[in-house]
Every structure is written in structure tokens, then in C-alpha cells.
1. Straight-line reach from B:K193: which lysines have a Cα under 20 Å away, not including same-chain ones fewer than 8 places off?
2. Using a 1.4 Å probe and counting only protein heavy atoms, arrange B:K21, B:K81, A:K300, A:K272 so the residue with the most accessible area comes first.
3. When you count, for each residue, the other Cβ atoms within 10 Å and take the mean per peptide, how do A:8-16, A:102-110, B:170-178 rank with the highest first?
4. Scan around A:I137 for amide H atoms under 5 Å from its own, H built in the peptide plane at 1.01 Å from N, and keep only partners 5 or more places away or cross-chain.
5. Using 1/(1 + (r/R0)^6) with R0 = 56 angstrom and r between the beta carbons of B:R171 and B:E255, what's the FRET efficiency to the nearest 0.05?
6. Amide H to amide H under 5 Å from B:V19: which residues, 5+ apart in sequence or cross-chain, H placed 1.01 Å off N in plane?
7. For a Förster distance of 35 Å, can you work out the FRET efficiency between the beta-carbons of A:E3 and A:Q71, rounded to the nearest 0.05?
8. Among B:125-132, B:224-231, what's the highest-first ranking by average C-beta atoms within 10 angstrom per residue?
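The values are calculated or read from the model by the stated rules, or taken from the named source; none is laboratory data. From a predicted model like this one, the values you see are computed outputs, not experimental measurements. Because the Cβ atoms are built from the backbone with ideal geometry, glycine has one as well, and the counts that use them run over all protein chains shown. These accessible areas exclude ligands, DNA and RNA; they are computed on the full protein's heavy atoms, side chains included. Shrake-Rupley method; radii C 1.70, N 1.55, O 1.52, S 1.80 Å.
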Amino acid sequence: MSEQVWVVLQHREGKLHRMSKEAIAAGQRLAGEIGGTVSGVLLGSGLGDLVAQASAFDLATLYTVDDSALQDYNPGAYVAALTPAIREQAPAFVVFPHTYQSVDYFPRLGQALDAALVPEVIGFENGADGLIWQRPILGGKLQARVRVKTSGTVLLSVQSGAFPADGAAAGQADVEPLPSVPSGLTSDREILEVQQVGDDQVDLTKADVIVAIGRGVGGADKVESLRELAKVLGADIGASRPVIDNGWLLDADGNVERERQIGSSGQTVAPKLYIAAGISGAIQHLVGMKGATCIVAINKDATAPIFNIAHYGIVGDLHEIVPALTEAVAAVKG
Amino acid sequence: MRIAVCIKQVPDTEARLRVAKDGKWLDEEDLRFVINESDEYAVEEALTWAEKTGGEVVIISLGPARVQEALRKGLALGAAKAIHLVDEAYQGGDARATAVALAAAIQNEGADLVLTGSQSDDVGYGSTASLVAGHLGWPHAWLVMGLEVEEGGATAKVTREMESGMNEVFRLTLPAVIEVQAGINHPRYASLKGIMKAKRKPIDKPTPAELGLDAASLGAAGSHLEILEIAFPDSGDGAQMIEGDAAAAAKELVEKLQKEARVL
Ligand SMILES: Cc1cc2nc3c(=O)[nH]c(=O)nc-3n(C[C@H](O)[C@H](O)[C@H](O)COP(=O)(O)OP(=O)(O)OC[C@H]3O[C@@H](n4cnc5c(N)ncnc54)[C@H](O)[C@@H]3O)c2cc1C
Ligand SMILES: Nc1ncnc2c1ncn2[C@@H]1O[C@H](COP(=O)(O)O)[C@@H](O)[C@H]1O
């Protein structure tokens with residue numbers, strides 16, 4: 001029997017998650033590499049139209065689990081539903097999108113199966129010693145090439161953007177219930193509510209120009225020069241996560257403006273111009289802004305990963321460069 | 001409540017990073033180490049709940065001798081005791097092997113709640129703490145931005161981050177492993193009195209045998225993963241770098257944004 005690759009698909013409000021398609025693209029590439037087949041796994045309650053969405057890819061089989069215990073995501077029921085089938089069918093690889101949901105439970109699944117975990121894969125190669133996985137380390141400053149030295153099923157999560165969704169081949173999958181799902185699945189979380197973070201008055205998704213402040217700014221008392229730059233540019237202010245976490249970006253009433261955070265746990269923006277000042281360029285930040293038309297990075301560290309995706313870069317102290325930039329912009333705009 | 005908190009010491013991200021000669025990890029000479037960012041928030045959360053429930057905090061770290069500095073800091077902040085998994089057999093493991101050791105130390109110590117960070121800033125597996133929960137047979141939650149211990153420690157209301165600026169709120173039964181995300185609270189600073197007191201607080205260093213562990217399940221021997229090589233990423237097309245002093249660079253950038261990129 002040829003080796004199998006499974007892809008566990010995430011969804012929300014009746015739609016496949018964008019990164020599920022990226023995970024399918026990764027799974028298809030992986031199956032091609034090892035000469036195997038790729039199948040999808042879809043878990044939920046009242047799957048309905050999701051089955052049609054998910055079976056429209058080039059998958060050997062789409063396995064489904066439709067159970068009321070899976071209505072809201074919870075790790076207990078997800079792990080219990082997946083464990084026996086993976087143990088029995090022993091796919092070589094199970095691919096997950098690297099989302100806040102998958103990473104919450106896939107370690108527990110790995111433990112139940114004693115399977116190896118390779119989180120946050122951004123690439124792979126098939127060498128003499130088998131598959132070698134690439135993953136970012138140290139906030140994306142470096143990358144590691146890792147190998148699984150044990151045998152058995154390997155669970156991996158693929159990072160956003162590494163395997164573009166448009167690489168996922170379309171097709172028509174056979175739909176089958178996932179085998180061996182235990183009866184009486186139960187949720188191990190009592191879901192109370194879903195909330196929006198911060199207020200929804202700040203919408204950076206439509207901003208034309210964003211001045212984004214990073215930890216390199218060095219303190220709440222030092223953001224003023226960036227506000228001045230934003231003013232002459234007619235730009236909105238955004239920030240990386242640590243700036244928000246540290247309480248450095250406050251509104252007129254002294255409240256932390258968490259809604260101005262850009263990245264995987266904040267807003268996803270696509271302005272014409274994005275000026276990143278004192279931002280290193282960790283993947284969780286990049287996913288929120290790499291769609292900008294023109295990215296300018298100002299950073300004192302010439303090796304900061306932000307320079308790999310920026311269009312223009314200046315190496316230096318932002319506290320010198322930003323005021324100079326404000327003056328230069330004022331000169332041409334004034 | 002007796003609260004255990006797991007902290008990892010990681011290289012300071014501001015540090016100049018160099019790859020070691022063998023290419024497998026960083027050259028640790030001249031490297032500055034700090035407590036992992038989300039773990040600092042976990043320590044604060046642990047101290048807060050220990051104070052509210054009249055309990056105490058035990059701080060646990062696996063790592064070489066240098067980690068003692070991080071443990072002392074946790075003690076200075078208010079933890080009652082520290083556990084340092086310093087034995088050579090513990091070192092160099094992946095999330096799986098590290099979790100085996102941490103779970104055994106927690107079990108040995110006894111805890112009603114375990115707090116951890118969400119992700120380490122060096123290897124960033126985002127898995128170690130969930131694996132600890134698995135060993136203990138407890139529920140867990142990753143990326144926690146709000147915690148409320150309820151019913152005298154029987155349950156907890158947890159706010160967990162989802163993508164795109166949404167949070168999910170749910171209830172768990174305790175004991176559990178709560179994996180805190182940066183930003184959940186405002187970590188305190190150590191007082192001079194705290195620093196003085198910390199010098200007299202105990203740091204236990206249990207061996208694998210004392211925790212009933214077999215060395216084959218620990219460190220590199222107990223790992224699924226092996227790091228073959230680390231390297232600076234290929235810079236791709238890279239940015240067009242603009243040189244010169246601040247005024248000259250700013251002027252040139254504005255010109256390029258106007259004429260070349262046409263975004264001004
Ligand atoms: C699950 C998860 C979700 C996350 N979500 C997000 C998110 O939504 N958004 C987000 O941004 N992050 C997020 N993060 C955090 C992310 O991993 C990084 O830690 C964060 O993006 C780093 O922010 P930074 O670049 O501002 O800080 P750092 O990485 O500390 O970088 C600071 C930079 O400033 C430079 N610098 C210092 N001083 C100066 C100076 N005087 N002049 C010029 N440059 C200077 C330094 O060289 C450095 O490159 C998340 C992390 C996790 C684990
Ligand atoms: N060596 C260690 N010692 C103590 N705690 C650790 C260690 N490694 C990981 N952890 C904990 O597990 C969390 C997740 O780490 P990781 O799986 O490496 O991303 C960290 O935030 C720590 O709380």
C-alpha cells in the first residue's frame with residue numbers, strides 16, 4: 001500500500017479556513033514527494049456544505065466526523081475522535097494548518113499516539129536521510145533544519161504563507177466517515193462566549209498608509225515622534241504585539257489601543273505604504289502586513305528579518321531617522 | 001493553592017546571534033539570556049493567584065547552570081521555592097523529552113494549577129506545556145489572555161485568543177495547565193527586599209532517579225526531533241538599502257517613495 005498523507009481541515013462559520021487550503025497544498029506536495037496519496041479529515045457538527053467545499057480538492061478520500069460534541073472546538077473531543085483512526089491507518093504524515101486551534105490540540109494528539117511533532121513547518125526537502133523540515137526559530141531571525149529520528153506517524157503544522165493556497169489542486173474526493181471514531185465523544189470545555197478584542201472603531205484594513213511601531217521604540221514616552229510622522233503622512237498608527245502588551249500605545253483616555261495591533265492575533269492590513277519602525281519581522285507580525293504594496297523598514301539591526309520582505313530599508317536608530325523622515329515628508333508635502 | 005510555573009531561559013532577542021561551529025545551535029559564549037517573554041507573564045499570573053488564594057508558587061526550569069539566574073529572579077518576585085532540572089541527562093531535548101521531565105517534577109512537587117508560557121522565543125515549539133498536561137492527565141489551554149480561578153479552585157474561567165482579534169471564553173475543571181500569552185497582565189518588578197529574601201530560598205535539583213525517570217526518556221535520547229542545522233534565512237530579493245546619515249537617507253527615501261514606488 002502506498003503511504004498516506006492526511007490533512008486535518010479547519011473551518012469556521014461554515015467556511016474552510018484559508019489555511020486549510022494551504023495545508024492541502026502542503027499535503028499534496030508531500031504526497032508527491034513520497035509517492036503517496038493524500039486525504040482530508042473534516043471534523044464538526046452539522047458539516048453540511050463544508051463537505052462539498054472540502055471534497056472539491058484533489059484528495060483520495062475526504063474523511064468526515066459529524067458529532068454534536070464537535071460543535072464548538074475543544075481539544076478533548078478532537079483528540080478522542082482522531083486518535084483511533086490515525087493509530088489504525090498509520091498515515092505517514094498528518095498535516096495541520098498552524099493555527100491557534102491546531103496548535104492547541106495537536107500536541108495532545110501526538111502524545112496519545114506517541115507520534116513525533118514538527119510544529120511550524122515552512123518548507124521541506126527529501127534528502128538521503130529522509131525528509132528534512134525547515135522551521136523558523138528565534139523570532140524568524142534564523143531557520144532550523146530538523147529531522148524526525150524515530151519511526152511512525154509524524155504530525156506537522158504548516159505556517160501561514162509557506163504553501164500558497166492557490167497551489168492546492170482541485171478534484172473530487174470520495175466522502176467517507178472517519179473509521180473507528182469512539183461513541184460518546186464529550187467536550188472538555190464549557191464554551192461561554194466569543195468576544196471581540198478592543199473596540200471595533202479602529203479599522204486599519206482600509207488604511208492607505210500605516211506607521212507601525214515596534215518594540216525598538218523603547219517606551220511609551222518615545223512614541224510621539226512616530227505620531228508626528230504619521231501626521232505629516234496622513235497615516236494611521238499600528239503596532240507590533242509587544243508595544244501593545246507593554247502598554248506603550250495609549251489613546252487619549254489612557255487606554256491601551258490593542259485594536260491597533262497588527263499580525264496573526266491582530267489586524268491584517270494591506271496599505272499602499274507600511275513603515276515598520278523598530279520591528280524585527282517575526283512571522284506572527286509579517287502575516288498581518290506582508291500584503292502591503294510598499295514596505296519600508298527602519299531598524300538598527302541589519303540582519304533583522306523584516307529587511308527580507310521590505311522594499312526599502314534604512315539601518316539605524318529610529319529616533320534619529322524618524323524625525324528626519326518627518327521633515328523630509330513635510331518638505332515635499334508642505 | 002499550590003501553583004507551579006514553568007519558565008525557560010532563552011537568548012535575549014536583542015543579542016547579536018552567531019551560529020556555533022557545529023552549525024547545530026547558537027554559539028552561547030557572550031550571549032545574554034533572559035526569561036522567555038510569555039513565561040514572565042505566567043510568573044505574574046501565578047503570583048497573583050497564589051496571593052488571592054493564600055497559596056504559594058513553585059518555579060520550575062529545565063536548563064544548564066546559567067538558568068539559576070532566572071530562578072533567582074522568580075524567587076525575588078515572590079515564588080516560595082524553585083526546582084532546577086540541571087542534570088546533564090535532562091538537557092538537549094525536544095518538546096517531548098522536556099515535557100517528560102517537567103511533568104515528573106510537577107508531580108513530585110504536587111500542584112493544584114500549572115502556569116506556563118505559550119511559546120518559547122528560541123525553538124518555539126508551542127507544544128511543551130500541552131505535553132506536560134498530557135502526562136499529568138489534565139486539561140490545558142494555549143494562548144490564554146484571561147484567567148479567573150473559581151469555586152475555591154475547582155474550576156477556572158479562561159479567555160483564549162483566537163485569530164483576527166477575537167477571544168473565546170470557556171470553563172475548565174482544575175487542576176489544569178494554563179499556557180499564558182504575553183499581554184495577559186502587567187508583570188511586577190522585583191523589590192530590593194525580594195532580592196535579598198530570594199538568596200535564602202531553596203532551589204532543589206532533583207536527579208532523574210529521584211523523579212523516577214529513566215534517562216532514555218530524557219534529553220536528546222528521549223526526543224523525536226533532531227536539529228541538523230541552523231542558519232540565517234536566505235534574504236530573498238531583500239530590501240533596497242538606503243545609506244547615508246539620517247537626513248540624507250530620509251530625503252532619498254522620500255524621493256524613492258514618490259518617484260519609484262509612487263506611494264507618496
Ligand atoms: C501565538 C502568537 C501570536 C502572536 N501574534 C502577534 C501579532 O499579532 N502581532 C505581532 O506583532 N506579534 C505577535 N506575536 C509576537 C511575535 O512573535 C514577536 O514577538 C513580535 O512581533 C516582535 O515584535 P517587535 O518586532 O516589535 O519586537 P522585537 O522582536 O523585540 O524587535 C525589536 C526590533 O527593534 C530593533 N530596534 C531596537 N532599538 C532600535 C532603535 N533605537 N532603532 C531602530 N530599531 C531598533 C531591534 O533591532 C529589533 O529588530 C505573536 C506571538 C505568538 C507566539
Ligand atoms: N526548558 C524548559 N524549562 C521550563 N519550562 C519550559 C522549558 N521549555 C519549555 N517550557 C515551557 O513550555 C512553554 C512552551 O515552550 P515551547 O514548547 O518550547 O514553545 C514555555 O513558554 C515554558 O513555559
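1. Straight-distance partners of B:K193: B:K73, B:K81, B:K201.
2. Numbers: B:K21 215, B:K81 40, A:K300 145, A:K272 90 Å².
Ranked list, largest accessible area first: B:K21, A:K300, A:K272, B:K81.
3. On the way: A:8-16: 17.6, A:102-110: 25.3, B:170-178: 22.0.
Highest-to-lowest ranking by the protection proxy: A:102-110, B:170-178, A:8-16.
4. Placed amide hydrogens put A:L142, A:Q143, A:A144 under 5 Å from A:I137.
5. On the way: r = 58 Å, r/R0 = 1.03.
The formula returns an efficiency of 0.45 here.
6. Amide H neighbours of B:V19: B:D27.
7. On the way: r = 33 Å, r/R0 = 0.95.
Efficiency at R0 = 35 Å is approximately 0.60.
8. On the way: B:125-132: 28.4, B:224-231: 18.6.
Those peptides, ordered most packed to least, come out B:125-132, B:224-231.
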